[in-house]
Amino acid sequence: MPAPPHPPFPEAAVRAAVAQTLRQIAPEVDLSAIPDTANLRRECDLDSVDFQNFVIGLGKSLHIAIADRDAAELVTLAGCLALLAHRPSATAD
């Protein structure tokens, strides 16, 4: 019998993971001052390496693999929530 599916990540868990991951890369950033639809790369002054580290760190924080094809969705907090808040919490791509 297959294992039951894991519940999706709560929105609060995704927000917390995004904030924690950004603090590790750009500790000076106040995520509460950034609108959900703002471009995180621009608002947090993340270069391409910083953004890749953000994607990797977010995956580690949530214990999931984030596919390269999904990384572009993570450029805003709203995108992070849309992609991750409904995703099963213990799967990998």
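A few remarks follow.
- Per-region count, the stretch 33-42, residues under 15 Å from the mean Cα position of the chain (by Cα) and outside any loop (DSSP other than H, G, I, E, B): 2
- Any chance D36 is of a type in the set (D, E, K, R), at pLDDT 95 or above, open to solvent by 20 Å² or more (accessible area, probe 1.4 Å) and under 12 Å from L74 (Cα atoms): yes
- Pairs meeting the criteria (first residue in the stretch 58-85 and at negative phi and free of Cβ contacts under 8 Å to residues at least 12 places away in the same chain, second residue of a type in the set (A, V, I, L, M) and part of a helix (DSSP H, G or I), beta carbons under 9 Å, at least 6 apart or on different chains) are D68/V55; E73/A82; E73/L83; E73/L84; G79/L40; G79/A72.
- Top-ranked residue in the stretch 43-52 [being assigned to a loop (DSSP other than H, G, I, E, B) and acidic (D, E); ranked as least open to solvent (accessible area, probe 1.4 Å)]: D47
- Taken over the stretch 53-80, the criterion of being open to solvent by 10 Å² or more (accessible area, probe 1.4 Å), among the hydrophobic types (A, V, I, L, M, F, W, C), in contact with an Asp or Glu (Cβ under 8 Å, 6 or more places away or on another chain) and assigned to a helix (DSSP H, G or I) is satisfied by A78 alone.
The values are calculated or read from the model by the stated rules, or taken from the named source; none is laboratory data. Since the structure is predicted, the reported quantities are computational estimates derived from the model, not experimental observations. Every residue, glycine as well, gets a Cβ built from its backbone with ideal geometry; the counts of neighbours run over all protein chains shown. Keep in mind that these areas ignore ligands, DNA and RNA; they rest on the heavy atoms of the full protein, side chains included. Shrake-Rupley method; radii C 1.70, N 1.55, O 1.52, S 1.80 Å.
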